């Protein structure tokens, strides 16, 4: 029996101000699948991730997005997050004055309330926090710091991956997760993603480089140019891009 799509994007158009960036973008992702989107700068990759997450700076002018069969575009950003959408930012935001552990507990309990579950108390929270933090090398000192404040670029990306592992979303968007990571940090965060691969959970990887796909092997690769997908294939498509670049698509 064919699975129902987890995410279905159809003929999506979106702009910032007067500039149209997405131009009839369509993509279907089923549960358990890992899709990668590659493309030159300015092709609309990060715009796509922001539109899915609900960034109000981006205006959808046509098309639809269904998530678990529901109209995602009618949901607020927090409703999307609580429904299971997670965006790991290309440039993670610093939140001075907001402790990382407090941030995670607040986010988790908001999600639990959305699902009709009781809040986790301090003991339950720590039982969930500690093993996930240890697996990713997140220290107690990092958890006590304000969110992303004083972190290196690699630490910020590692913390984003940790938040994802902690909150256990159903659909994870990784927007240029490999940007600014050395090879050891890339291996660490990739292993965390691979551990999270489950039949019910899907990933959308947005990247410029084939090297990420050596560690997180996608089921499908899509080339995005001028706000739409122009070619799709398997992991060999990334090797073709590594050799020839995007000149053929321009």
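Readers should treat all values here as calculations from the given coordinates under stated rules, not as data from a laboratory. On a predicted model such as this, the values are computed, not experimentally measured, just so you know. In this analysis, Cβ positions are derived from the backbone assuming ideal geometry, glycine residues included, and neighbour counts consider all displayed protein chains.
Could you list the square roots of 5 times each eigenvalue of the Cα gyration tensor of segment 132-250, that is, the equivalent ellipsoid semi-axes, sorted largest first and rounded to whole Å?
Those come to 29, 16, 12 Å.
Identify which of the listed values of Cα extents along the principal axes in Å was calculated from the structure shown: (1) 62, 46, 33; (2) 54, 43, 39; (3) 56, 37, 37.
So the calculated entry is the one marked (2).
Angle check, please: helix 122-136 long axis (alpha carbons) against the longest principal axis of the chain (alpha carbons), in degrees 0 to 90, nearest 10.
50
Provide Rg and Dmax in Å for segment 51-135, with only Cα atoms included in the calculation.
15.4, 47
Between residue 117 and residue 19, with labels modelled 7 Å along Cα→Cβ, what's the label distance in nm to one decimal, could you check?
4.1
Would you work out the relative contact order for the chain, in percent, from Cα pairs under 8 angstrom that are 6 or more residues apart?
Relative contact order here is 28 percent.
Would you mind computing the Rg to Rh ratio of segment 178-230 from its alpha-carbon coordinates, Kirkwood style for Rh?
Rg/Rh: 0.99.
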